[in-house]
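Here the structure comes first, spelled out in structure tokens, and everything after it is commentary.
FYI, it's all coordinate maths here, none of it is from the lab. Predicted, not measured: the structure shown is a model, and the values here were computed from it. As a convention, Cβ positions derive from the backbone with ideal geometry for all residues, glycine included, and neighbour counts pool all protein chains shown.
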């Protein structure tokens, strides 16, 4: 009889759940989803409002606005982010190319 050990993972959550709660109470993701056009039909995953919330959480918790570090940070905190938001967050939902395309097209007007 073989017994398998349950898989246990852990990650630091620090202030992430509190910031998520605050941003979701503001309904920031909903306001931005109503104001911004939907992502291109070939894009799957987080909506632009949800992506904005993830980016803001990263900026607030890390005091860093570099897009190149967001994807790795999301991978390290994916369980906390998914549990606290209720969103299914894919491994590439916050890649730097997706973040950059979103910011350039909606905030810088290029």
Cα gyration tensor shape of segment 14-110, rounded if a/c is under 1.5, else prolate or oblate by comparing a/b with b/c: rounded
Exposure proxy check: 73, 22 ranked by fewest other beta carbons within 10 Å? 22, 73
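Set the Förster distance to 22 Å, then compute FRET efficiency between residue 96 and residue 62 from the Cβ-Cβ distance, nearest 0.05.
On the way: r = 14 Å, r/R0 = 0.65.
Using R0 = 22 Å, I get an efficiency of 0.95.
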What distance in nm separates the two pseudo spin-label positions at residue 24 and residue 104, each 7 Å out from Cα along the beta-carbon direction? 3.3 nm
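Under the definition of Cα pairs under 8 Å and six or more residues apart, what whole-number percent is the relative contact order of the chain? Spell out each step's value before the answer.
Working: 89 pairs, mean separation 32.3, N = 110.
Taking the mean separation of contacting Cα pairs over the length of the chain, I get 29 percent.
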Helix 48-62 vs. the chain, principal-axis angle (Cα, 0 to 90°, nearest 10): 70 degrees
Does a label point 7 Å from the Cα of residue 33, set along Cα-to-beta-carbon, have any residues of segment 75-101 with amide nitrogen under 14 Å, and which are they? 85-89
In degrees, nearest 10, the alpha-carbon axis of helix 16-25 is tilted away from the dominant principal axis of the alpha carbons of the chain by 40 degrees
